[in-house]
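Laboratory data are not the source of any read-out in this text; all were calculated from the coordinates shown. This is a predicted model, so every value here is computed, not measured. Please note: Cβ atoms are built from the backbone with ideal geometry, for glycine as well, and neighbour counts cover all protein chains shown.
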Amino acid sequence: MSERPSQGLSFRGALPRGRRLMIAVLASVAVLALWEVATRFGWMNALFFPPPSTTFATLVDMIEEKNLLYHAMVSTGRVWLAFGLSVVMAIPLGMAMSSFPAVGAALEPIVDFIRYLPVPALVPLSIIWFGVGEETKIFLLWLGTFFQLLLLVADDMRRVPQEYIEIAYTVGARPTQMLSDVAFRAMLPSLFDNLRVTLGWCWTYLIIAEIVAADSGLGFVIWAARRYMNTSEVMAGVVAIGLIGLFTDQALRVLHKFMFRYL
Amino acid sequence: MPAPYLVFKSVSKNFGALEVVSPSFDLEVKRREFVVFLGPSGSGKTTLMRMVGGLETPTKGQITIDGQPVEGPDRSRGMVFQSYSSFPWLTVAQNVAFGMKYRLDISPKKKKERLAHYLALVGLTDFANVYPNKVSGGMRQRIAIARTLAAGSEILLMDEPFGALDAQRREDLQLQLRLIQQQDAKTVIFVTHDVDEAVFLADRIIVFSKRPARMLEEIDVTALLGTERTLALRDSEAFFHLRTKILRLVRASAGADE
Ligand SMILES: Nc1ncnc2c1ncn2[C@@H]1O[C@H](COP(=O)(O)OP(=O)(O)O)[C@@H](O)[C@H]1O
Ligand SMILES: [Mg+2]
């Protein structure tokens with residue numbers, strides 16, 4: 001089966017790297033071209049749906065004139081800070097949840113409850129608790145990822161083969177050594193993947209976090225442009241977020257491959 | 001008659017309502033003896049072995065080693081599992097060295113020497129720096145054996161360690177294991193449901209009933225075949241007879257439903 005040259009359409013067939021890249025680029029270009037054509041021919045109203053050419057021109061313009069890169073950096077900083085907090089809290093707690101049944105039993109209902117709350121619903125409370133400053137923004141971003149991440153970490157830990165844990169104990173590891181040298185190492189590849197995915201979720205809360213009395217960040221830029229019905233700026237802001245996501249995700253994938261060559 | 005080394009004293013075990021070892025199991029294992037637990041799957045062999053490893057505790061009775069009751073896992077009792085027997089994120093050498101990682105009583109220099117010694121003993125010197133995903137299943141089991149030896153285990157607890165290997169690799173590893181056990185003077189408890197493997201490796205075979213585990217029969221293989229095990233022995237009449245006899249026992253123990 002695998003000997004036959006595959007066009008990438010056979011079920012779970014092989015797809016060479018070069019071809020993969022080509023398909024990815026062609027598909028993206030096709031979508032952009034369709035979008036461009038649709039507005040040029042008036043099938044879509046360019047006022048509401050500015051074509052890619054306008055959007056990218058605006059994007060460049062905003063970088064040059066409106067400090068877009070600064071806003072992007074501010075947003076990235078917020079996302080990484082909040083996400084970093086989520087990670088350092090979720091890893092030990094998630095590992096504890098599946099290591100000690102009592103911890104799991106205690107936390108699971110609470111986590112499940114909070115996990116299903118829509119983040120926007122907590123904006124008012126967050127403002128009451130933290131004011132309208134940086135803390136609220138970080139809190140909202142943290143809220144969107146921490147509880148999701150917690151359960152994913154607990155799951156990763158649960159999937160560490162019992163054998164690994166017992167090998168550690170039978171060569172004389174103490175529980176803390178077993179956790180750091182074996183359990184954590186064993187779950188790292190899937191944990192890394194989960195972090196990559198949840199980092200993306202964190203970005204999706206950015207607008208919510210940055211419309212609360214912000215004067216910086218991509219969410220602020222988008223929200224401000226909306227007020228003046230400046231669709232192309234709104235679109236350019238959205239595209240900026242998408243591009244950051246695209247590059248981060250690809251970079252993390254490459255890092256994953258590099259870090260876990262032993263898989 | 002040497003004093004017994006590893007002793008199961010009226011051991012029974014249940015998991016909740018499930019009786020796994022019942023009513024009670026008694027066995028005395030001599031130092032340097034190779035004991036094989038043979039029996040139908042689900043009969044409780046693994047559970048008995050895990051109690052020696054200190055990974056389970058008997059519901060009743062106790063297990064002693066040199067008169068000392070077993071309390072929790074210890075590096076004097078190393079485990080070799082059928083799967084997940086080595087860490088994929090460590091190289092072959094790092095996996096073997098992991099056995100000594102928590103030993104403060106050996107100097108780093110001595111650790112290096114021991115590592116080289118045990119890598120050579122299991123024939124993995126040339127693969128020292130590759131990751132386990134690049135070596136065969138048989139080599140992965142040799143990594144695990146070397147790790148327990150490096151850890152300084154006196155008792156090797158092996159739970160169907162060759163169960164996932166093809167026939168040829170199995171024979172190779174059985175031969176090597178028996179040699180290592182004799183040279184290094186280790187006590188081994190080895191679980192399998194392969195009668196050939198049991199006869200080839202064991203000084204003594206314990207045949208188990210279906211669950212709850214009871215000892216059905218005890219076979220002194222060494223009295224019948226001697227201590228030296230070679231490939232030629234496999235083709236001998238004595239081997240064949242013993243194998244047939246045990247096969248019958250095992251069939252009877254598995255019951256009519258299998
Ligand atoms: N930790 C456990 N909790 C509950 N039941 C168990 C546990 N470990 C083993 N068992 C049960 O005990 C029985 C004997 O298992 P095991 O000792 O693995 O048998 P064997 O190794 O002979 O195949 C099986 O029915 C198994 O499901
Ligand atoms: Mg078993």
For B:Val122, B:Val80, ascending order of other Cβ atoms within 10 Å (fewest first) is B:Val122, B:Val80
Taking the alpha-carbon centroid of each part, what is the distance from segment A:6-85 to segment A:224-256 in angstrom?
-> 8
Per-residue Cβ neighbour rank within 10 angstrom, fewest leading, A:Val37, A:Val238, B:Val221, B:Val36 = A:Val37, A:Val238, B:Val221, B:Val36
The size of the Cβ-based charge dipole (Lys, Arg +1; Asp, Glu -1) of segment B:60-174 about the Cα centre, to the nearest 20 debye, is 460
Step through the table entries A:Lys66/A:Lys137; B:Lys13/B:Lys245; B:Lys13/B:Lys60, compare each Cα-Cα distance with 18 Å, and write down the pairs that go over it.
-> A:Lys66/A:Lys137; B:Lys13/B:Lys245
Using alpha-carbon pairs under 8 Å, 6+ residues apart, how would you state the relative contact order of chain B in percent?
-> 26
Roughly how tilted is helix A:101-115, in degrees to the nearest 10 and between 0 and 90, from the longest Cα axis of chain A?
-> 10
Taking chymotrypsin sites (Phe, Trp or Tyr not before Pro) in a DSSP loop with at most 14 other Cβ atoms within 10 angstrom as exposed, one finds the longest site-free stretch of chain A at A:117-227
Straight-distance crosslink candidates among lysines, where the alpha carbon sits under 23 Å from B:Lys111 and sequence neighbours closer than 8 are dropped = B:Lys101, B:Lys186
Taking segment B:30-122, which GluC sites (Glu not before Pro) meet the DSSP loop condition and have no more than 15 other C-beta atoms within 10 Å?
-> B:Glu71
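Please label the shape of chain A as rounded, prolate or oblate, based on the square roots a ≥ b ≥ c of the eigenvalues of the alpha-carbon gyration tensor (a/c under 1.5 means rounded; beyond that, a/b larger than b/c means prolate, else oblate). Walk me through the numbers on the way to the answer.
Working: a/c = 2.63, a/b = 1.33, b/c = 1.97.
Oblate shape, in that a/c is at least 1.5 and b/c is the bigger or equal ratio.
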Rounded to the nearest Å, the spacing of the alpha-carbon centers of segment B:175-221 and segment B:94-116 is 30
Dipole of the protein assembly as shown, Cα-centred, from +1 at each Lys and Arg C-beta and -1 at each Asp and Glu C-beta, to the nearest 20 debye?
-> 680
Residue among A:Leu149, A:Leu246, A:Leu59 with the largest mean-square fluctuation in a Gaussian network model of chain A, springs linking Cα atoms under 10 Å = A:Leu246
Yeah, segment B:89-215 with a ≥ b ≥ c from its alpha-carbon gyration tensor (a/c under 1.5 is rounded, else prolate when a/b outruns b/c, oblate otherwise) is prolate
Using helices alone, what [θ] at 222 nm do you get for the protein assembly as shown, with -39,500 (n - 2.57) per DSSP H run of 4 or more residues, divided over all residues and rounded to the nearest 500?
-> -18000 deg cm²/dmol
If you wrap a convex hull around the Cα atoms of chain B, how much volume per residue is inside, in Å³?
-> 139
If each Cα of the protein assembly as shown is one equal point scatterer, what is log10 of I(q)/I(0) from the Debye formula at q = 0.08, 0.09, 0.12 Å⁻¹?
-> -0.71, -0.82, -1.12
Highest-MSF residue in chain A out of A:Met62, A:Met97, A:Met44 [GNM, Cα springs under 10 Å] = A:Met44
